[in-house]
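A.B. asks: Mind looking over this structure? Questions follow.
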There are 4 protein chains.
Amino acid sequence: MSFPVRLCALVGRFADPRVAESVAVLVPHLVSRGVTVLVSDDAQLGAGAAVKRVPESTIGQKAELVIAIGGDGTLLYAARLVARHDVPLLGINRGRLGFLTDVMPQDMLACVDAAIEGRCEQDRRPLMAGCLRSADGRTAEALARLDVVLQKLATGRMLDFETFMDNRYVNTHAGDGVVISSATGSTAYALSCGGPIVEPHVGVVVVAPICPHTLSDRPIVVPASTLVEVRLLERPDTRAQVACDGAVLGELVPGDALEVKPARESITLLHPSGHDYYRLLRSKLRWGRGSLDHSR
Amino acid sequence: MSFPVRLCALVGRFADPRVAESVAVLVPHLVSRGVTVLVSDDAQLGAGAAVKRVPESTIGQKAELVIAIGGDGTLLYAARLVARHDVPLLGINRGRLGFLTDVMPQDMLACVDAAIEGRCEQDRRPLMAGCLRSADGRTAEALARLDVVLQKLATGRMLDFETFMDNRYVNTHAGDGVVISSATGSTAYALSCGGPIVEPHVGVVVVAPICPHTLSDRPIVVPASTLVEVRLLERPDTRAQVACDGAVLGELVPGDALEVKPARESITLLHPSGHDYYRLLRSKLRWGRGSLDHSR
Amino acid sequence: MSFPVRLCALVGRFADPRVAESVAVLVPHLVSRGVTVLVSDDAQLGAGAAVKRVPESTIGQKAELVIAIGGDGTLLYAARLVARHDVPLLGINRGRLGFLTDVMPQDMLACVDAAIEGRCEQDRRPLMAGCLRSADGRTAEALARLDVVLQKLATGRMLDFETFMDNRYVNTHAGDGVVISSATGSTAYALSCGGPIVEPHVGVVVVAPICPHTLSDRPIVVPASTLVEVRLLERPDTRAQVACDGAVLGELVPGDALEVKPARESITLLHPSGHDYYRLLRSKLRWGRGSLDHSR
Amino acid sequence: MSFPVRLCALVGRFADPRVAESVAVLVPHLVSRGVTVLVSDDAQLGAGAAVKRVPESTIGQKAELVIAIGGDGTLLYAARLVARHDVPLLGINRGRLGFLTDVMPQDMLACVDAAIEGRCEQDRRPLMAGCLRSADGRTAEALARLDVVLQKLATGRMLDFETFMDNRYVNTHAGDGVVISSATGSTAYALSCGGPIVEPHVGVVVVAPICPHTLSDRPIVVPASTLVEVRLLERPDTRAQVACDGAVLGELVPGDALEVKPARESITLLHPSGHDYYRLLRSKLRWGRGSLDHSR
């Protein structure tokens, strides 16, 4: 990567007034810095905007920097565009702090300047590859930044499934499904399933059962290099679905399997210098000095 | 109820060899005691069986006693047939102890004799009434013995919903849904959601969020008389479903509501004398003296 | 109880400046309403205060109303003074909302007037009686408003103990101890041990193991009328202690037992009209509409 | 390490009849293989045993192999004797499978032969160093294989403490204390505190709060290289204690701190070939195919 950045793409729901407000400030600022601003050709931006419209699928190739404006969902969307090209991502949140979009609106211009000039901290995060293997030979694959989730589709039914780590049998589970989460995803769905918080640079994956029938069926932390396999067992009325970062990959029937392993690709997040993960965590989980109450 | 019982219905999956085996012993035994045996007219029983076939929907009216052979699912099925008629239920399990089908095969004949002669303990359990109220005015209702569950249908999406107790606002939740469980249902799905075990004769309902987004969103125990209401809030791609004891009652969209309140009906379980709930609990949860391990 | 109240006692840590500030406003106000103000004879109040000093042990007999100023701990202290006399309690918090001290400083004078004139909601809460029975025949007893806790004293050692409900064996536990909590106490220590939130007027007790060795050893909800017994088993280096509402009742050695049952006594809390338990809960657990975050 | 082993030490509670029984078989077997058997000079072994008695403190220096007979507690005791000398450990359990003593009595002689001849799998496990730093300058240190635990000593009192990772402030906690657990220790006390299961070769430490006052105060997984620091805050009646693998290291008062970091030392466990961690886990947590129950 060479600095200063010359080609920068913006990603976001531009129809959202708060996002539009940031974009209206950001585009002239980038242009004044000599940066060409790319947006997807179907972006809902006013006619006068000094931007270059390109097919969304080419953003990963063309941009040297992607700025995602919105919430963590927007940043994950942008990450899918650049995953195979290793373009760094800067996440501007539109009001509420996110785990990934950690630049507050008031710090936006200073951080963007730092990103353009190469003064940000680079934070490389690995991706997971989820692969759904049907018993009839079909496969479907997707990358996941946060988690790969196998879950029942029919309310009132449990799934029976077996888990394997590097081809070794681990357990037979009954319950609502299983979350296979990266360190970064540990504070998303896996946390709601009783999983631990994982410092985002620890090289592990969390395999957390969802509402397990057996109370000793607890989350397991394994090396990130592990090939995690889940096989769906026969049971009446079984319907299950797999989602990667919340996007549906496909359905499973008994006999089908899900495999999750490390992807070759990774993404690079940019943070303002002085970025502190634990401050983010305290803010998101409402921790901290003020929470003490001595009634007990 | 007058004794000895003259009309007894059998309910179960008769095609299951283990169930068939019990039935083959049970029918002649009942006949030898002067009892007329009723089964549903579509029951898969051999031609020679000395049973009287009646429409399943009339079993509740005609039988003085219903014997369910199978697991807890079978007993719940039988409970639906008799809920409006207060016919007592005896549950024979087909091998593995259930919370409701607590008569072991080897004790079957002695317990059946006790039930016929009125020597069993009667264990009355209240029912809940679940009612789905669509914003467009339609309603759907069902009784629940264990739980009424509101749950998302789309993997990777959360539900936003509000809860009310007796028309008082309680909380706004984000997560996979909510279980409204009777005391009896506390050891079923609600337990997998972090709910407590409730002694089955305590007059309470447990409202347990499923995989809640907020970690302080914990199960709440309220009086069984409470009108519990859940209102689904607007959110992109929201799809939710309600099930009573695992049977689907219907789907919800934002604006729809679920109400759960005590039903007028109840069911009566029969237990052999000396029945001990805590022994059942120890067996099902694998508790007990043998579990101690002093490695810590 | 007759109104208006003529004799009102104040309880609190008067040396705390925030408490002193409230008292400095409260005493003249009460006097202006014709109320005689009682305080304990060792209360740290300025010489000029228009109060009558009495032995603390006589407050329960003499006062018609007790106002506790401070946190929930102060209210529990006051409750001990009046438990055998059923004098109503009004809790003024000194800044931070409590589950029991739910009157905010700015509403103090209006609420005190309402209490004097009998316009408050009366909220009767049962008490539990904890009794420690040593194997050598000694006993020690205390009342508990929130919980009775049996806990290990030596770090690195587990306790082995058995639980009984109404003399029926329930389970053998290994772990750090057990909390026997009233409905009111459910949001105190029992909540930290994985117990449910219990609406405070539900007539139940929660028996919640503390850090149990066995993962299926979950909190149990039983009727408030239950005699709960805990027997300490033999194990090397066993040291255990019992506390009622945080106050130590005594130590146990293997062979000793703890009994908890409903007390004859109860306490009466006064609330301003329009009091809403769920609003309190939302505030204390930081719930509510603002907590939603759609990053997932 | 050279094979075959010539000097092997036995460690265990020889007064326990089950241990004595194993030793009575093991000693002649080792001698017949040309191995000199060392025991501690205060070992309670019969006069005729063909063993060499040495001071316990010299076992680490002299032995080429240590066989621990008993439970995981015995193996941890043996680990302390050899930690600074990297002598491999073989754990024979005396009836009940342990996480560390995974050789069943019936397989003892075959495994011992494999260990002598160098045919066992070597399983290196890191150790943690716990250091208690008093505000007055004193320090106390110990190694821990499973966990370092900071815990309150007085029932009914909470601790207030702050945590730091590599000198960065993480959170302020109120509760019963905190467990700092190695991967191996994740299935011991940390699991009872809601921590995850960690595959034993993952290079992480779990920092799990004990009965935290705040429900979002969840276990955190950090790299094993992290310097974890816990500082005790001022609070009335604070009494806290630190234990390493269950052995008390000392007491803390407000102002004191606990530091945990990776130790230079490690231990080497020997396993029979074909050792499977997940089989051990299934056995210890009572998982597996047989646990399914389709009542839900």
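The values are calculated or read from the model by the stated rules, or taken from the named source; none is laboratory data. Keep in mind that this is a model prediction, so the values were computed, not measured. Cβ placement follows ideal geometry from the backbone for every residue including glycine, while neighbour counts extend to all protein chains displayed. Heavy atoms of the whole protein, side chains included, go into the accessibility calculation; ligands, DNA and RNA do not. Shrake-Rupley method; radii C 1.70, N 1.55, O 1.52, S 1.80 Å.
A.B. asks: Which count do you get for residues in segment A:73-102 that are at negative phi and not in a helix (DSSP H, G or I)?
C.D. replies: Residues flagged as at negative phi and not in a helix (DSSP H, G or I) within segment A:73-102 amount to 18.
A.B. asks: For B:Gly118, all conditions in the list (1) more than 18 Å from B:Leu26 (Cβ to Cβ); (2) assigned to a helix (DSSP H, G or I) hold save one; what is the number of the exception?
C.D. replies: Answer for B:Gly118: the failing condition is (2).
A.B. asks: Let me ask you something else. May I ask you to list the residues in segment C:189-203 that are at pLDDT below 95 and at the interface with another protein chain (Cβ under 7 Å from one of its Cβ atoms)?
C.D. replies: none
A.B. asks: I'd like to verify a number: residues in segment D:36-60 that are within 23 Å of D:Arg84 (Cα to Cα) and of a type outside the set (Asp, Glu), how many?
C.D. replies: Selection size over segment D:36-60: 14.
A.B. asks: When you scan segment D:204-262, how many residues do you find that are more than 10 Å from chain C (Cβ to nearest Cβ), closer than 17 Å to D:Leu143 by Cα, in a loop (DSSP other than H, G, I, E, B) and among the small types (Gly, Ala, Ser)?
C.D. replies: Of the residues in segment D:204-262, 2 are more than 10 Å from chain C (Cβ to nearest Cβ), closer than 17 Å to D:Leu143 by Cα, in a loop (DSSP other than H, G, I, E, B) and among the small types (Gly, Ala, Ser).
A.B. asks: What's the total number of residues in segment C:139-151 that are open to solvent by less than 20 Å² (accessible area, probe 1.4 Å) and not in a loop (DSSP other than H, G, I, E, B)?
C.D. replies: 6
A.B. asks: Give the residue that is modelled with the lowest pLDDT, with candidates limited to residues of segment D:15-42 that are closer than 20 Å to D:Gly60 by Cβ and open to solvent by 20 Å² or more (accessible area, probe 1.4 Å).
C.D. replies: D:Asp42
A.B. asks: Looking at segment A:110-119, can you tell me whether even one residue there is open to solvent by 40 Å² or more (accessible area, probe 1.4 Å) and under 20 Å from A:Ser182 (Cβ atoms)?
C.D. replies: Within segment A:110-119, none of the residues are open to solvent by 40 Å² or more (accessible area, probe 1.4 Å) and under 20 Å from A:Ser182 (Cβ atoms).
A.B. asks: Yes or no: D:Val54 more than 22 Å from D:His271 (Cβ to Cβ) and either out of contact with any Pro (no Cβ under 9 Å at 6 or more places or on another chain) or at pLDDT 95 or above (or both)?
C.D. replies: yes
A.B. asks: Looking at A:Gly70, is it open to solvent by less than 70 Å² (accessible area, probe 1.4 Å), within 19 Å of the chain's Cα centre (by Cα) and on the phi > 0 side of the Ramachandran plot?
C.D. replies: It is true that A:Gly70 is open to solvent by less than 70 Å² (accessible area, probe 1.4 Å), within 19 Å of the chain's Cα centre (by Cα) and on the phi > 0 side of the Ramachandran plot.
A.B. asks: If you go through segment B:32-46 one residue at a time, do you hit one that is part of a helix (DSSP H, G or I) and more than 24 Å from the chain's Cα centre (by Cα)?
C.D. replies: Among the residues of segment B:32-46, at least one is part of a helix (DSSP H, G or I) and more than 24 Å from the chain's Cα centre (by Cα), which makes the answer yes.
A.B. asks: Can you give me the number of residues within segment A:172-188 that are under 17 Å from the mean Cα position of the chain (by Cα) and facing another protein chain (nearest Cβ under 7 Å)?
C.D. replies: Final tally of qualifying residues: 1.
A.B. asks: What are the residues in segment A:58-72 that are assigned to a helix (DSSP H, G or I) and in contact (Cβ under 8 Å) with a residue 24 or more places away in the chain, if any?
C.D. replies: Within segment A:58-72, A:Ile59, A:Gly60, A:Gln61, A:Lys62, A:Asp72 qualify.
A.B. asks: I've got another one for you. Say we look at segment A:263-283 and pick out the residues that are under 20 Å from A:Val206 (Cα atoms) and charged (D, E, K, R); which of these is surrounded by the most Cβ atoms within 10 Å (Cβ to Cβ)?
C.D. replies: A:Glu265
A.B. asks: Now for a separate question. In segment B:184-221, what count of residues is obtained for those that are touching a His at 6+ places or on another chain (Cβ under 7 Å) and either surrounded by fewer than 24 Cβ atoms within 10 Å (Cβ to Cβ) or within 24 Å of C:Leu280 (Cβ to Cβ) (or both)?
C.D. replies: Counting residues in segment B:184-221 that are touching a His at 6+ places or on another chain (Cβ under 7 Å) and either surrounded by fewer than 24 Cβ atoms within 10 Å (Cβ to Cβ) or within 24 Å of C:Leu280 (Cβ to Cβ) (or both) gives 3.
A.B. asks: Go through segment A:100-137 and give me each residue that's under 13 Å from A:Ile67 (Cα atoms), aliphatic (A, V, I, L, M) and within 14 Å of the chain's Cα centre (by Cα).
C.D. replies: Result: A:Leu100, single match.
A.B. asks: While we're looking at this one, here's another question. Just to be sure I understand, how many residues within segment D:75-101 are open to solvent by 20 Å² or more (accessible area, probe 1.4 Å) and not aliphatic (A, V, I, L, M)?
C.D. replies: The qualifying residues number 9.
A.B. asks: Restricting attention to segment A:284-296, does a residue exist that is among the acidic types (Asp, Glu), surrounded by fewer than 24 Cβ atoms within 10 Å (Cβ to Cβ) and under 30 Å from C:Asp102 (Cβ atoms)?
C.D. replies: yes
A.B. asks: So which pairs qualify, if the first residue must be in segment A:17-33 and under 12 Å from A:Ile92 (Cα atoms), the second must be part of a helix (DSSP H, G or I), the Cβ gap must be under 8 Å, and the two must be at least 6 apart or on different chains?
C.D. replies: Every condition considered, the pairs that remain are A:Ser22/A:Pro105; A:Ser22/A:Met108; A:Leu26/A:Met108; A:Leu26/A:Leu109; A:Leu26/A:Val112.
A.B. asks: Another one. Could you check segment D:153-162 and list, in sequence order, the residues that are open to solvent by 10 Å² or more (accessible area, probe 1.4 Å) and either at pLDDT 95 or above or over 30 Å from C:Gly73 (Cβ atoms) (or both)?
C.D. replies: Matches in segment D:153-162: D:Glu162 only.
A.B. asks: When residues of segment B:163-183 are filtered for being of a type in the set (D, E, K, R) and open to solvent by less than 10 Å² (accessible area, probe 1.4 Å), how many remain?
C.D. replies: Total satisfying the criteria: 1.
A.B. asks: Go through (1) touching a Pro at 6+ places or on another chain (Cβ under 9 Å); (2) within 14 Å of chain B (Cβ to nearest Cβ); (3) under 20 Å from B:Pro212 (Cα atoms); (4) among the hydrophobic types (A, V, I, L, M, F, W, C) for A:Trp287 and report which single condition fails.
C.D. replies: Among (1) touching a Pro at 6+ places or on another chain (Cβ under 9 Å); (2) within 14 Å of chain B (Cβ to nearest Cβ); (3) under 20 Å from B:Pro212 (Cα atoms); (4) among the hydrophobic types (A, V, I, L, M, F, W, C), the lone unmet condition for A:Trp287 is (1).
A.B. asks: Filter segment C:228-262 down to the residues that are open to solvent by 20 Å² or more (accessible area, probe 1.4 Å) and aliphatic (A, V, I, L, M), then identify the one that is nearest to C:Gly175 (Cα to Cα).
C.D. replies: Among those that are open to solvent by 20 Å² or more (accessible area, probe 1.4 Å) and aliphatic (A, V, I, L, M), it is C:Leu233.
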